[in-house]
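Encoded as structure tokens, here's the structure I'll be asking about.
The values are calculated or read from the model by the stated rules, or taken from the named source; none is laboratory data. The model shown is predicted, which means the values in this text are computed figures rather than measured ones. Every residue, glycine as well, gets a Cβ built from its backbone with ideal geometry; the counts of neighbours run over all protein chains shown. We work out accessible area using only protein heavy atoms, side chains counted, and drop any ligands, DNA or RNA first. Shrake-Rupley method; radii C 1.70, N 1.55, O 1.52, S 1.80 Å.
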Amino acid sequence: MIHSINPYTGEKIYSFTPLSTKEISEKIDEADLVQKEWKKTSFRERAKLMTKAAEVLKKRKKVYGEVISKEMGKPITQAIAEVEKCAWVCEYYAENAASFLKDEFIETDAQKSYVSYNSLGVVLAVMPWNYPFWQVFRFAAPALMAGNAGVLKHASSVMKSANNIQEVFEEAGFPKGLFQNLVIGSDKVESVIKNKKVKAVTLTGSKPAGSAVAGVAAQEIKKAVLELGGNNAFIVLDDADLEKAVDVGVNARYQNTGQSCIAAKRLLLQEDIAEAYLEKYVEKVKKLKSGNPLEGDTYIGVLAREGLAKDIEKQVNDSVKMGAKLLLGGERKGAYYAPTIITDVTDEMPVFKEETFGPVIAVKTFKTFEEAIEISNNSEFGLGVSIFSKNINKVLENVSKFEEGAVFINELVKSDPRLPFGGIKTSGFGRELSSFGIKEFVNIKTVYVK
């Protein structure tokens with residue numbers, strides 16, 4: 001059995017029977033069969049259904065949000081906001097998919113030559129627990145609008161949310177079988193990728209998981225998109241608006257209880273303002289309310305599992321043993337880990353070198369902007385970076401020096417349906433969202449008429 005356990009109460013709340021090998025094969029066969037008809041539909045018809053999906057999400061945002069909070073500990077207001085964001089991405093692709101995938105005519109020596117974008121078929125999505133709805137919808141909305149079918153292997157701990165996502169598409173009127181949640185464990189992923197009717201795979205998750213999935217996809221010569229971890233720097237220069245940089249900086253690290261690949265994990269402060277910034281930052285973090293994720297004023301919930309809290313506790317304790325200073329927090333109780341600030345950090349400490357997936361920020365100072373860029377780039381990850389400064393032109397002149405998939409100036413790194421999302425280095429490859437994301441899972445076909 002696959003169980004969902006409420007990390008706040010420790011209670012087993014949902015149980016699911018895994019699919020047999022035969023049932024998995026039958027579901028993929030069904031998705032393949034339905035997709036062959038779905039790809040013949042017009043963008044207008046697809047957009048009508050995707051708009052309905054957005055309406056279902058809005059109507060049930062509180063119900064779905066509560067399940068998210070119970071399954072993985074996200075504060076309820078943030079869980080509801082996540083569902084609302086999914087409605088946005090559905091509406092965005094309903095409105096824009098046709099223009100993104102229209103034929104592109106190119107002048108050559110041919111009578112006519114153009115590029116068309118055709119669906120691939122059945123696409124497997126392997127998704128994590130930290131944003132149980134958003135991670136799925138930012139794949140599913142463009143994939144279905146492009147004429148594909150989707151099968152989902154979600155994290156075992158959020159299987160109720162996974163079933164709810166399938167429910168959204170079915171209630172919106174999409175053909176039954178076009179989007180399906182596969183109730184399976186990680187041990188079945190390889191066989192699903194190898195199924196000849198599965199044409200591509202996308203994964204959001206850890207580096208080991210991404211490496212394993214990409215390896216199987218490569219053996220099968222199938223397209224893969226990976227969105228993996230991050231160790232984002234949050235850089236504050238001495239000319240920054242400190243009040244704004246503090247407000248955004250706290251949110252950038254501690255929303256979703258720090259369980260985000262694009263969270264600000266390394267706080268880099270220019271020496272002249274470091275003390276003043278930290279004083280304001282600490283006071284704001286102290287005011288964050290911890291508690292029951294289902295209470296509306298809770299900002300810090302629990303981590304999704306007690307084991308995750310133990311992992312981050314070890315990273316902090318090991319760093320302190322290496323000479324880091326614990327400025328705030330550092331306490332754990334079950335799956336709860338207190339908001340933590342750690343200073344005097346060196347490059348070799350776990351809180352700097354590794355990805356910290358929880359409410360912990362590592363603080364380091366720098367003298368010059370050039371040094372900040374060097375520190376920021378000193379990571380195996382390359383997902384995103386935030387820089388706060390009033391001298392925007394100076395920052396823009398240095399954007400190309402950052403080894404990142406995204407550079408945000410005077411704002412936290414975030415995903416937006418209108419902009420491509422993804423990283424470089426061990427943060428993965430490929431892009432989600434915008435016109436780039438919808439073109440990841442299509443056949444980019446050249447047509448030439450002499």
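Based on this model, can you work out whether Ser113 counts as in contact (Cβ under 8 Å) with a residue 24 or more places away in the chain, open to solvent by less than 50 Å² (accessible area, probe 1.4 Å) and either out of contact with any helix residue (DSSP H, G or I) (no Cβ under 8 Å at 6 or more places or on another chain) or under 26 Å from Ile5 (Cα atoms) (or both)?
Yes; evaluated as a whole, the condition is true for this residue.
Residue-by-condition table, conditions (1) free of Cβ contacts under 8 Å to residues at least 24 places away in the same chain; (2) in contact with a Ser or Thr (Cβ under 7 Å, 6 or more places away or on another chain); (3) assigned to a helix (DSSP H, G or I); (4) over 16 Å from Lys390 (Cα atoms):
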position: Ala245; (1), (2), (3), (4): no, no, yes, no
position: Tyr254; (1), (2), (3), (4): no, no, yes, yes
position: Leu268; (1), (2), (3), (4): no, yes, no, yes
position: Ile273; (1), (2), (3), (4): no, no, yes, no
position: Tyr281; (1), (2), (3), (4): no, no, yes, yes
position: Glu295; (1), (2), (3), (4): no, no, no, yes
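Pairs under 6 Å by beta carbon, first residue touching a residue at least 60 places away in the same chain (Cβ under 8 Å) in segment 356-376, partner part of a loop (DSSP other than H, G, I, E, B), six or more apart or different chains?
Phe357/Gln259; Gly358/Leu303; Pro359/Pro339; Ala362/Val345; Lys364/Val345
Yes/no per residue for (1) of a type in the set (Val, Ile, Thr); (2) within 19 Å of the chain's Cα centre (by Cα); (3) over 20 Å from Phe16 (Cα atoms):
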position	(1), (2), (3)
Phe137	no, yes, yes
Ser157	no, yes, no
Glu171	no, no, yes
Lys207	no, yes, yes
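Return the pairs, sorted by first residue and then second, in which the second residue is open to solvent by less than 10 Å² (accessible area, probe 1.4 Å) and among the β-branched types (Val, Ile, Thr), the first residue lies in segment 152-163 and is touching a residue at least 60 places away in the same chain (Cβ under 8 Å), the beta carbons are less than 7 Å apart, and the residues are 6+ apart or on different chains.
Ser161/Ile68
Just one of the numbered conditions (1) open to solvent by 30 Å² or more (accessible area, probe 1.4 Å); (2) out of contact with any strand residue (DSSP E or B) (no Cβ under 7 Å at 6 or more places or on another chain); (3) closer than 21 Å to Lys85 by Cα is not true of Leu242; which one?
Among (1) open to solvent by 30 Å² or more (accessible area, probe 1.4 Å); (2) out of contact with any strand residue (DSSP E or B) (no Cβ under 7 Å at 6 or more places or on another chain); (3) closer than 21 Å to Lys85 by Cα, Leu242 violates only (3).
Just give me the residues in segment 410-450 being touching a residue at least 24 places away in the same chain (Cβ under 8 Å), aromatic (Phe, Trp, Tyr) and not in a loop (DSSP other than H, G, I, E, B), in sequence order.
The answer is Phe421, Phe429, Tyr448.
So, Ile235, is that one β-branched (Val, Ile, Thr), assigned to a strand (DSSP E or B) and closer than 20 Å to Asn378 by Cα or not?
yes
Go through segment 137-225 and tell me which helices (runs of 4 or more DSSP H), entirely inside it, have 1 or more residues that are among the aliphatic types (A, V, I, L, M) and in contact with a Phe, Trp or Tyr (Cβ under 7 Å, 6 or more places away or on another chain).
Result: 159-172.
Same structure, new question: Would it be correct to say that Tyr14 is part of a loop (DSSP other than H, G, I, E, B) and aromatic (Phe, Trp, Tyr)?
In short, no.
Ser20 - would you say it is free of Cβ contacts under 8 Å to residues at least 24 places away in the same chain and open to solvent by less than 80 Å² (accessible area, probe 1.4 Å)?
Yes.
What tally of residues in segment 308-365 results from selecting those that are of a type in the set (Ser, Thr, Tyr) and either open to solvent by 10 Å² or more (accessible area, probe 1.4 Å) or more than 24 Å from the chain's Cα centre (by Cα) (or both)?
Selection size over segment 308-365: 5.
Looking at the structure I just gave you, is Ala53 crowded, with 18+ Cβ neighbours inside 10 Å, farther than 20 Å from Gly177 by Cβ and touching a helix residue (DSSP H, G or I) at 6+ places or on another chain (Cβ under 6 Å)?
When the stated conditions are applied, Ala53 does not pass them.
Can you tell me which residue among Lys70, Lys112 is of a type in the set (D, E, K, R), within 25 Å of Ile262 (Cα to Cα) and out of contact with any Cys (no Cβ under 6 Å at 6 or more places or on another chain)?
Answer to the check: Lys70.
If you don't mind, there's one more thing I want to ask. Given the conditions (1) surrounded by 18 or more Cβ atoms within 10 Å (Cβ to Cβ); (2) in contact with an Asp or Glu (Cβ under 9 Å, 6 or more places away or on another chain); (3) closer than 24 Å to Ser157 by Cβ, which single one is not true for Ala47?
Exception for Ala47: condition (3).
In this structure, is Glu95 among the charged types (D, E, K, R), touching a strand residue (DSSP E or B) at 6+ places or on another chain (Cβ under 8 Å), assigned to a helix (DSSP H, G or I) and closer than 24 Å to Ala143 by Cβ?
no
Find the residue count for segment 223-239, including only residues that are open to solvent by 10 Å² or more (accessible area, probe 1.4 Å) and closer than 13 Å to Phe388 by Cβ.
The number of residues fulfilling the criteria is 2.
Here are Glu370, Glu404: which of them is at pLDDT 95 or above, surrounded by 23 or more Cβ atoms within 10 Å (Cβ to Cβ) and acidic (Asp, Glu)?
None of the other options fit; the residue is Glu404.
Spot the failing condition for Lys414; the list is (1) under 30 Å from Lys280 (Cα atoms); (2) out of contact with any Lys or Arg (no Cβ under 9 Å at 6 or more places or on another chain); (3) surrounded by 20 or more Cβ atoms within 10 Å (Cβ to Cβ), and only one is missed.
Checking Lys414 against (1) under 30 Å from Lys280 (Cα atoms); (2) out of contact with any Lys or Arg (no Cβ under 9 Å at 6 or more places or on another chain); (3) surrounded by 20 or more Cβ atoms within 10 Å (Cβ to Cβ), the one that fails is (3).
Assess whether Tyr93 counts as being in contact (Cβ under 8 Å) with a residue 24 or more places away in the chain, over 28 Å from Tyr254 (Cβ atoms), open to solvent by less than 70 Å² (accessible area, probe 1.4 Å) and not hydrophobic (A, V, I, L, M, F, W, C).
Taking the combined requirement at face value, the residue satisfies it.
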